[in-house]
Amino acid sequence: MRKFLVFLSVAIDSMAVFLAMFIAGSIRFHSGIFHGASPIPPLIIASGSVLSVPLWISLFLVTGIYRMRWDLGWADEMSLVFKQITGGMVLISLIAFLVSPGVSVGRWIFFIYYGLLMLLVFVGRAVSRLIERRLAKKGVIRRNALVIGLGKKAEELVSFVEANRSLGYRIVGFVAPPGEYPGESVAERFAGEISELETLIEKYEVEEILVTIASNFHDDILTLLLPATGRGLKVKVVPDLFDVIAGHVHSTQILGQPLMELLPQRLKSWERLIKTVMDFSISLTVLVAGMPLWILVALLVVLDSRGPVFYTQTRVGKGGRHFRIVKFRSMVQDAESGSGAVWAGKNDPRVTRVGSLLRKTRIDEIPQLLNIVSGHMSLVGPRPERPEIISQLREVFPFYNKRLTIKPGLTGWAQVKLEYDSTLEDVSEKLKYDFFYIENQSLFLDVEILLRTVKVVLTGAGAH
């Protein structure tokens with residue numbers, strides 16, 4: 001049903017885009033308002049209108065508009081349409097100028113087309129949303145949600161969403177925070193404890209988490225909700241927690257009911273798409289184009305010391321999921337057999353002669369491009385750490401798990417700013433840079449970090 005609704009939304013948008021162009025063209029060439037405009041057959045206007053549809057639908061798709069948005073208010077919907085249409089018109093005008101600098105359709109018809117497009121697309125979206133809400137009210141489409149909390153606020157929120165069935169929520173159960181136990185009022189719908197959250201998410205196919213807990217366990221909030229944020233689920237929090245997690249939320253609402261979204265996506269849909277394309281294309285290009293160099297590096301690693309060419313190690317990625325990182329071996333074989341998991345120092349005696357050069361230029365990290373291609377990592381992000389080290393850091397640094405809410409990176413803001421971390425003070429400093437990156441993600445920041453990384457590779461500055 002959801003796929004059908006997406007198709008219906010695309011079809012309605014397509015009709016709106018077609019009509020806007022056709023009506024504007026008819027006004028331009030057949031209304032008599034614009035003097036000197038030679039009439040053009042309606043079939044040609046219709047053909048041009050049809051050609052405009054794929055362009056606009058592509059722009060809409062890139063912005064991630066075709067998702068279920070039952071809880072979006074009309075003002076927010078209008079704002080979305082305004083941003084999309086305005087951005088699209090600027091892009092089309094730029095392309096038209098570059099292709100045909102001397103061609104002009106006239107400023108008035110431009111604004112007429114812009115206004116028609118805005119009006120018709122918004123009307124089309126309104127029709128789509130009304131259909132979605134009507135189906136949600138009838139129970140045809142639903143999104144499963146867990147409520148974390150057992151108190152009065154939890155019951156009030158559930159009563160609100162169940163009274164407004166057009167929101168499409170299906171509350172599958174209440175989840176108990178640490179130290180709380182279900183009373184009679186929620187006993188029948190009690191799903192489990194928060195320590196079981198990951199299992200509950202899978203069991204009930206949960207799409208959204210509604211948090212209504214008291215603010216007395218804020219030190220653990222990211223740890224407890226990590227399974228949800230790691231899976232990309234939306235986590236909405238009642239306003240009482242704003243003073244606890246300030247800087248980690250942004251305001252949202254459910255049909256006027258104020259909530260805040262925990263750890264929202266900082267990048268827009270089109271930015272995430274571009275970032276993914278950059279990750280895959282750059283990684284694949286470097287791997288293929290540099291193959292002769294990587295073969296030479298592999299030979300040098302083998303000739304320099306006994307052991308395999310590559311070194312693999314378990315690291316923790318987005319959502320706390322484990323994966324095997326791949327690197328050129330830069331240390332002696334079994335370097336941690338006697339010490340266990342420890343940080344590598346700047347002048348670590350375990351590093352081989354070739355390994356020292358590889359680490360200085362970061363060439364030892366190149367095989368991690370395979371991790372990027374496989375989707376476990378990104379080009380830019382916080383560096384992935386070992387589970388043993390993370391267990392230690394969680395006890396020392398509050399909100400450490402915030403690093404695990406996005407994909408780890410081959411390089412990051414901390415890596416181009418600082419050197420090796422060998423003490424807790426070093427780690428603390430790097431965390432500040434990692435949190436800065438998470439809160440200020442942008443494609444421009446990614447590009448700056450990549451350029452700084454190239455400088456490190458070429459000059460050997462900035463170590464790890």
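Structure values in brief
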| read-out | value |
| --- | --- |
| Selected residue (criterion: nearest to SER52 (Cα to Cα)) from residues of segment 99-113 that are modelled with pLDDT under 70 and assigned to a helix (DSSP H, G or I) | VAL99 |
| Test: SER128 is under 26 Å from the mean Cα position of the chain (by Cα), crowded, with 17+ Cβ neighbours inside 10 Å and of a type in the set (Gly, Ala, Ser) | yes |
| Index of the failed condition, PRO308 passing every other in (1) farther than 30 Å from ILE201 by Cβ; (2) surrounded by 13 or more Cβ atoms within 10 Å (Cβ to Cβ); (3) modelled with pLDDT of 85 or more | (2) |
| Those residues of segment 161-179 which are over 18 Å from GLU207 (Cβ atoms) and surrounded by fewer than 19 Cβ atoms within 10 Å (Cβ to Cβ), in sequence order | ALA163, PRO178, GLY179 |
| Yes/no for LEU197 being surrounded by 15 or more Cβ atoms within 10 Å (Cβ to Cβ) and not in a loop (DSSP other than H, G, I, E, B) | yes |
| Segment 15-33 residues that are free of Cβ contacts under 8 Å to residues at least 60 places away in the same chain, paired with ones that are assigned to a loop (DSSP other than H, G, I, E, B) and of a type in the set (A, V, I, L, M) (beta carbon under 6 Å, 6 or more apart) | PHE29/ALA37; PHE29/ILE40 |
| All positions within segment 438-453 that are at pLDDT 85 or above and surrounded by fewer than 16 Cβ atoms within 10 Å (Cβ to Cβ) | SER442, PHE444, LEU445, VAL447, GLU448, LEU451 |
| Matching entry among LYS236, LYS327, LYS275 (being surrounded by 14 or more Cβ atoms within 10 Å (Cβ to Cβ), modelled with pLDDT of 65 or more and assigned to a helix (DSSP H, G or I)) | LYS275 |
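Residue-by-condition table, conditions (1) crowded, with 17+ Cβ neighbours inside 10 Å; (2) modelled with pLDDT under 70; (3) in contact with a Ser or Thr (Cβ under 7 Å, 6 or more places away or on another chain):
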position: GLY32; (1), (2), (3): no, yes, no
position: HIS35; (1), (2), (3): no, yes, no
position: ILE40; (1), (2), (3): no, no, no
position: ILE45; (1), (2), (3): yes, no, yes
position: SER49; (1), (2), (3): yes, no, no
position: MET68; (1), (2), (3): yes, yes, no
position: GLY87; (1), (2), (3): no, no, no
position: LEU94; (1), (2), (3): no, no, no
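The values are calculated or read from the model by the stated rules, or taken from the named source; none is laboratory data. From a predicted model like this one, the values you see are computed outputs, not experimental measurements. Heads up, the Cβs are rebuilt from the backbone with ideal geometry, glycines too, and the neighbour counts pull from every protein chain shown.
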